Structure formats: structure tokens, C-alpha cells
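Derivation of every value follows stated rules applied to the coordinates shown; laboratory data play no part. Everything numeric here is computed off the predicted structure, so don't read it as measured data. Don't worry about glycine lacking a Cβ; one is built from the backbone with ideal geometry, like all the others, and counts go over all protein chains shown.
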Amino acid sequence: MKADEFKVFDEALENLTPHQRGLVTAHLHKLGHIQSVTPLIESRIQASPACPKCGHSHIAHWGSASGLQRYRCKACKATFNALTGTPLARLRHKDKWLDYAQQLADGHTVRHSASACDVHRNTAFRWRHRFLALPNAQKATRLVGIAEADETFFLKSFKGKKQGMERAARKHGGKATKRGLSAEQIPVLICRDRTGSTADFVLDKADKAHISAALKPLLASDAVLCTDSAKALGAVAREIGITHRPINLAAGIRVVAKVYHVQNVNAYDSRLKMWMQRFHGVATHYLSNYLGWRRLVDRRNSAMPSTAFLSAVLGINYVQQETVT
Ligand SMILES: [Zn+2]
């Protein structure tokens, strides 16, 4: 805005009614949020310029739309912006993304997030799983040194699904009708090394074949696998050809040879379970999204800032390794 235009605008502000002043304040607030989120989004392309369609790195600026820079690929001629091909593509209300990311970083429920960000509950729910799609996919791909593995179980849930129910809905999470392992429990394998790298797997079955498929590509050949003597895990370690150190917790043994234990993975599992309680049971269909969410916030001892969470959501500067304390 030119200086003389601004002078007129500035003087006109004095004639606003209180209601109009409120509208202008809200508008400026919204613009401020968009101005802080846009550079973060644009940095995706600036960090690694590549066409989302063919992967070519020769791209050129091509106007702008929806407040974002557009690009055109010189190889395949596709046009795109920094969000094309990401789970956040075409998602509206960018001015609320940072606030929403803070809600996720703080682990709030859908109801709480919807009210805090002034969006409909359905929007808050849809956003949750769009925001969690990338963090879910970004788990450790290689564990080195001493790795600890543990199996844990989550109650099978069709929450939010109206069709294809195998049984009547449980109210607010509920309990399994049969105790212990049963078809009502979904097995999850959690594996963690001493650098804090973590990978988790929702398994169809907690048998040797399924565990082996998860662990084989994950564990370096010289890794040592510590478990709480689970038979299937031991059999998998033999199959992969790595050293297995079973810790007989049932016999009161906690640590073997001073370094072999499963305390990191067990502590992680406890934090995960405690954190999950607030959701009163999660739909099995989305379970891995929640595991990814927990993995992301678990990497910090202190509260995670919204920009860090949104960066992870956008796949920017994602650092998996962080030292365990
Ligand atoms: Zn291309």
C-alpha cells in the first residue's frame, strides 16, 4: 500500500464501530497466522526442489494460487505447489494449521481441538488423520547396537465405523470380554534402540512369520535383541542370525551383564498406554496413526512447539534420532 493510501486507511480506522473493529482485529489475526505458516510450507520445495509427479529437479516459478507459489516441471510440464502430493494438499483454513498442530503436539482430544481452533468436530477429526499421515510413515528404518523389542496389545475397535461391525459397539473403549490374548486384541510390536530410534508395527498376528517380516529389514546384522523372553521373538532372532538376550522378568531378573535389559522399550510402552487413555479407545483402522503421533511427541522431554509439529507433518527436517535420557 502506498504511503498516501495508508494515511487515508489509517484515518478511516477511527470511524470504525466496535463491531467493525472486532472484524478488522480478527482479520489481522488471521493474516498473521497465514504469514507465519506460509514460509514453513514453501520451505518444503526450497529444501528439495522436485516435481511431485516425475521427481525431476528442474522446476520454474509459475504464478501463484491459494496464497502459495506455483511451480511448473520443465520435464513433464505438470504444475504444482509445495503441498501437492502431501496429505495436506487442498486442505483449507491455513490460518488455523499452526494452532491445530499445537493441539496435536499437546495431545488434545478432537472435541478440545475443535473448540480451541474454532472448527467443526468433523473437520478436527479429518485434520487429525491428514496431519498424522506422514509422521506415521516416518519411523526408524534401521536399529543398531542394543535393540529392545516388546509386544503389546490394543483392543480391537470399529469406532466411527457404522458398517461391517462384527459385534455391538462397546461404549467408551470398554474391556475385552475374554481376558488376555484373543481375537479382540490387536498385537503391536515396538522396537527401540539405545539412540532412541523407534519403530512400531501393527501386526495381523503376533506369530513368528509376522514378527520376522517386521524385524528382518529393521535390525542390523550385528544388533543384539533384548526381549522379555518372548518365544516368537527369540525364534525370529535365530532366523535373522542376530544375538538374542532374553531377560527373564518373571524370575525377577531386570538387567543382564549390566547392559542388556528391556527398560527403555517397557517405559516407552507405559508412556504410550497412558497417553492413549485420553482417547477412550481408538479405531483399529487408525491405530498406526496414533502410534506415529506418540513416536513424534515422545522424542522430546518438553512440550513440542507447533512449528516443529507442523514441520514433521509436512515432512520437513524430520530427525528420527534423538538421545534417550
Ligand atoms: Zn515432472
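How far, in nm, would the chain grow between Ala133 and Phe153 when pulled straight, counting 0.36 nm per residue and subtracting the alpha carbon separation? Don't jump to the answer; show the numbers that get you there.
Values: separation 20, 0.36 × 20 = 7.20 nm, distance 2.17 nm.
This chain segment gains 5.0 nm when fully extended.
Near the amide H of Ile146, within less than 5 Å, lie the amide hydrogens of Arg194, Val224, all on another chain or at least 5 residues away, with H placed in the peptide plane.
Remark on Ile186: its backbone amide H falls under 5 Å from those of Phe154, Leu155, Lys156, a criterion applied only to residues 5 or more positions apart or on other chains, H modelled at 1.01 Å from N.
Between Val256 and Thr307, the simple label model (points 7 Å from Cα in the Cβ direction) yields a spacing of 4.7 nm.
Ranking request for peptides 50-58, 90-98: highest mean number of other beta-carbon atoms within 10 Å first, then the rest in descending order. Could the numbers behind the result be given before it?
Working: 50-58: 14.6, 90-98: 17.3.
The most tightly packed comes first, giving 90-98, 50-58.
Across the chain, C-alpha contacts under 8 Å between residues 6 or more apart give a mean separation that, scaled by the residue count, equals a relative contact order of 20 percent. Residues whose amide H falls under 5 Å from that of Lys216, counting only those 5 or more places apart or on a different chain, are absent, with hydrogens built in the peptide plane.
Under the convention that each Lys and Arg Cβ holds +1 and each Asp and Glu Cβ holds -1, the size of the dipole of the chain around its Cα centre is about 1060 debye. Sequence-distant contacts, meaning Cα pairs under 8 Å at least 6 residues apart, place the relative contact order of region 230-325 at 11 percent. Dividing the summed -39500 (n - 2.57) terms of all DSSP H runs of n ≥ 4 by the residue count of the chain sets its mean residue ellipticity at 222 nm at -12500 deg cm²/dmol.
Roughly what % of DSSP beta bridges within the chain run antiparallel, to the nearest 5?
Details: 23 of 31 bridges.
Counting DSSP beta bridges with both partners in the chain, the antiparallel share is about 75 percent.
Return the whole-Å distance between the Cα centroid of region 253-283 and the Cα centroid of region 57-103. Spelled out, the Cα-based centre of one part sits 39 Å from the other.
A simple spin-label model places the labels of Ser212 and Arg121 4.7 nm from each other, with each point 7 Å out along Cα-to-Cβ.
Dividing the mean sequence gap of close Cα pairs (under 8 Å, 6+ apart) by how many residues region 41-105 holds gives a relative contact order of 24 percent.
Based on the inverse mean of 1/r over its pairs of different Cα atoms, what is the Kirkwood hydrodynamic radius of the chain, in Å?
Value: 22.8 Å, from the Cα pair sum.
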